[in-house]
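The values are calculated or read from the model by the stated rules, or taken from the named source; none is laboratory data. This is a predicted model, so every value here is computed, not measured. Positions of Cβ are backbone-derived with ideal geometry, glycine not excepted, and every protein chain shown enters the neighbour counts.
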Amino acid sequence: MHTMKATIIRNPISGNLQRQQAFNRAVQVFVQARWQLDVWETVRKGHARELAEKAARTGSECVIVAGGDGSIGQVVDGLLRSRVPDVQLGVIPMGTGNVFAREMGLPFPTATDVDAPARAARIILANEPVRLDVGQAGEHIFLCWAGVGLDAAITDEIESQLVFKRRAPVFSYATTTLRYLMAYHPAHMTIQLADGEILEGDFPLVLASNIRLYARYFQMSPEAKINDGLLDLLIFTDTTKLDILYRLARVAISPNDEIPGLIRRQTPELTITADPPQPYHLDGDPLGQTPLTIRSRARSLPVRLNRAAIAQALL
């Protein structure tokens with residue numbers, strides 16, 4: 001077996017203490033396989049991005065992220081920013097939502113399953129990389145989605161309350177969404193697609209997805225494939241608070257239905273402007289405000305995954 005030089009980037013506050021204790025068992029899996037392994041911990045917001053870029057530039061063949069969706073997105077951003085070709089990604093899910101793990105069939109720890117990090121490590125060892133699309137928004141790379149408008153404002157608020165988020169994730173998202181919705185006023189947005197189509201209106205939320213899942217359980221973009229070179233665009237067009245709430249619930253429950261108040265498109269690239277400027281997030285990481293150009297970078301990221309387990313997510 002080829003001895004890989006690898007770096008694990010670990011978010012020490014991702015998930016609960018029980019999950020963090022399981023991390024050492026995952027490390028032992030790599031040690032037993034004789035991988036050359038460094039373990040680096042993040043110490044501040046955005047640090048995972050810097051560490052991933054450093055790992056790629058200093059010779060790591062595989063960079064493994066042990067954390068949640070935000071940490072995964074930052075590591076992907078750092079790897080692509082490094083411009084070092086073909087550095088592989090491994091994922092040990094240890095977050096709160098673990099949306100990417102659910103989409104990719106990766107094990108993630110629960111109260112009754114603390115061995116999941118070690119099983120995720122074995123998946124990394126046993127499988128050759130699968131090349132996946134990533135998205136690029138401005139200067140940053142994302143793996144799962146870019147959100148503009150209401151959900152970006154909600155995400156920013158939740159990320160400032162990490163203890164509440166970890167202890168009661170579903171409740172924290174629900175209460176913050178309701179509170180923000182009561183005071184939210186949709187901005188006037190103009191969205192230009194790669195084929196020249198222009199969509200204009202007062203839009204509360206625009207979501208550009210690279211995967212099917214969103215917010216842990218909901219297949220908001222059921223047609224999305226993570227290696228098709230396209231972003232699946234979901235635009236909410238309602239402007240009243242009750243209609244926005246109803247539409248969010250409806251698309252979460254029945255994403256395959258034809259639902260008034262929603263616009264769906266598939267595109268390799270889009271540009272969004274808004275008046276007033278709107279916040280955006282990438283993989284749950286709040287990063288800035290519009291204007292913003294978002295594009296797909298087809299099959300640019302090699303990820304160690306079980307191809308058979310993710311067949312439905314691929315072309």
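Of the strands (runs of 3 or more DSSP E) lying entirely inside segment 222-298, those containing at least 2 residues that are in contact with an Asp or Glu (Cβ under 8 Å, 6 or more places away or on another chain) and more than 22 Å from Thr155 (Cβ to Cβ) span 262-267.
For segment 255-262, check the following and say yes or no: at least one residue is of a type outside the set (Val, Ile, Thr), within 30 Å of Val65 (Cα to Cα) and buried (at least 18 other Cβ atoms within 10 Å of the Cβ). No, segment 255-262 contains no residue that is of a type outside the set (Val, Ile, Thr), within 30 Å of Val65 (Cα to Cα) and buried (at least 18 other Cβ atoms within 10 Å of the Cβ). Criterion first (modelled with pLDDT under 95, touching a strand residue (DSSP E or B) at 6+ places or on another chain (Cβ under 8 Å) and surrounded by fewer than 24 Cβ atoms within 10 Å (Cβ to Cβ)) does Thr112 satisfy it? So Thr112 fails the test. Take the conditions surrounded by fewer than 16 Cβ atoms within 10 Å (Cβ to Cβ), under 17 Å from Val148 (Cα atoms) and either in the same structural domain as Ala153 (by TED's automatic domain parsing) or of a type outside the set (Gly, Ala, Ser) (or both) and apply them to Thr290. Does it pass? No; evaluated as a whole, the condition is false for this residue. Annotation: of all residues in segment 229-253 being within 17 Å of the chain's Cα centre (by Cα) and in contact (Cβ under 8 Å) with a residue 60 or more places away in the chain, the one that is surrounded by the most Cβ atoms within 10 Å (Cβ to Cβ) is Leu231.
Just one of (1) modelled with pLDDT of 95 or more; (2) surrounded by 13 or more Cβ atoms within 10 Å (Cβ to Cβ); (3) farther than 17 Å from Phe236 by Cα fails for Gly196. It is (2). Among the residues making up segment 185-216, those that are without any contact (Cβ under 8 Å) to a residue 60 or more places away in the chain and assigned to a loop (DSSP other than H, G, I, E, B) are His185, Pro186, Gly196, Pro204.
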